[in-house]
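Colleague: After the structure tokens below, expect a handful of questions from me.
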Amino acid sequence: MITALFLAGSWLSEFFAAFVEKFSERFSHKDIGAEISEAILQVKMYFTVGDYKVLITDAVIVTWIAAIAMLIVLSLLIGKPSKDMKLTRGQAIVVSLTELVINTGMSFGMNRKQAEEVTPMILTFGLVITACNSISYFHLPPPAKNIAFPVGCAITAIIYVIVMTFKFVGPKGFWTTLTTPIVVMLPFKLLDYVVKPLSLALRLFGNVFAAFIFMEFLSISIPIILPGIAGLWFDITDGLIQAVVFSYLTMSYIGENVEAVHEYNEGAGEREMLKKEKKAKKAKKLAA
């Protein structure tokens, strides 16, 4: 018994000595710049497929992890339909979120059918970007710190905007969005399709990258408690805000095009009436 107590006491003393040493190391002098630089670097792996090398970065892997995690969360929220057709709390949350996106789309000038059609893609943007941004709270590098991720999202978004505009208003309507109010605006409207994705990408990259650097600095310089509290804002809340802004702007671009065509068509009717009135006045003058 005495031997067992002696061994236990010896083990505990060694454990606490090691714990104190590791704990003190967390606050010891470090080259913060070097550690942050190391954290920024991308983890790269190459897979050989025949004569080609395929590059896989940490952004790709973490994106898949985040997307799978989000799918699991959604499946848990949706669950199975109840026999009495009553919505569970999770289902009510998903339905409310869907209705919010639909109503937002309608506020941009789309009708309900159009808003319902774009809602799945807009929600996909929002949920995937939210998951990818928030995953840094669990000490995984957010994909958006790699510029390729926000650029890829932005290019996908602007292509989707163009495709849905063609679908909702047709080629003639799309041409109208480029030449309204005057044809001289065409080069500037085309340039807009370069500026918009650039703006989306840089906004997402800048905010996530800055938050990542700040959280790395906190984790290195003040590793206890504060990083976890700050991470609730910089990793989760800020990540959610960036996802909402990205999705909101993508939907607004589609709505702007649809609304511009509607306004042009309404104005065309008024212009036609004015032409008829002018012709009628000319006819009266000639008759006089």
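All of the numbers you see were taken from the coordinates with simple rules; none came from a lab. Treat the numbers as computed from the prediction; the structure is a model and nothing was measured. All Cβ positions, glycine included, derive from the backbone under ideal geometry; neighbour counts span all protein chains shown.
Colleague: Starting with the fewest neighbours, write out SER199, SER219, SER96 ranked by other beta-carbon atoms found within 10 Å of each beta-carbon.
Modeller: Details: SER199 13, SER219 20, SER96 10.
Ascending Cβ contact count within 10 Å gives the list SER96, SER199, SER219.
Colleague: Still on this structure, I have one more. So how far apart, in nm, are the two label points at MET185 and TRP64 if each is 7 Å from Cα heading toward Cβ?
Modeller: Modelled inter-label distance: 4.5 nm.
Colleague: Consider a paramagnetic label point 7 Å from the Cα of LYS167 along Cα→Cβ; state which residues of segment 109-142 have an amide N under 19 Å from it.
Modeller: Residues 109-128 fall inside that zone.
Colleague: Another question about this same structure. At 0.36 nm per residue, minus the direct Cα-Cα distance, what do ILE241 and ILE159 gain on full extension? Give it in nm, one decimal, please. Working shown, then result.
Modeller: Numbers: separation 82, 0.36 × 82 = 29.52 nm, distance 2.27 nm.
Contour length minus Cα-Cα distance gives 27.2 nm.
Colleague: Could I ask something else about it? Counting residues in segment 62-184 as N, plug N into 2.2 N^0.38 Å and put the Cα Rg over that result.
Modeller: Numbers: Rg = 18.1 Å, N = 123, 2.2 N^0.38 = 13.7 Å.
Expressed relative to 2.2 N^0.38 Å, the Cα Rg reads 1.32.
Colleague: A further question follows. Which of the peptides 62-70, 246-254 is most tightly packed, and how do the rest follow, going by the mean number of other Cβ atoms within 10 Å of each residue? Write down the numbers at each step before the final one.
Modeller: Values: 62-70: 17.4, 246-254: 22.2.
Packing proxy ranking, top to bottom: 246-254, 62-70.
Colleague: I've got another one for you. Place +1 on the Cβ of every Lys and Arg and -1 on the Cβ of every Asp and Glu in segment 44-182, take the dipole about the Cα centre, and give the residue among TYR160, LEU97, ASN133 whose Cα lies farthest towards its positive end.
Modeller: Among TYR160, LEU97, ASN133, the one farthest towards the positive end of the dipole of segment 44-182 is LEU97.
Colleague: If you don't mind, another one. I need the calculated FRET efficiency for the pair ILE147 and VAL94, taking r as the beta carbon distance and R₀ as 30 Å, to the nearest 0.05. Write down the numbers at each step before the final one.
Modeller: On the way: r = 32 Å, r/R0 = 1.07.
About 0.40, to the nearest 0.05.
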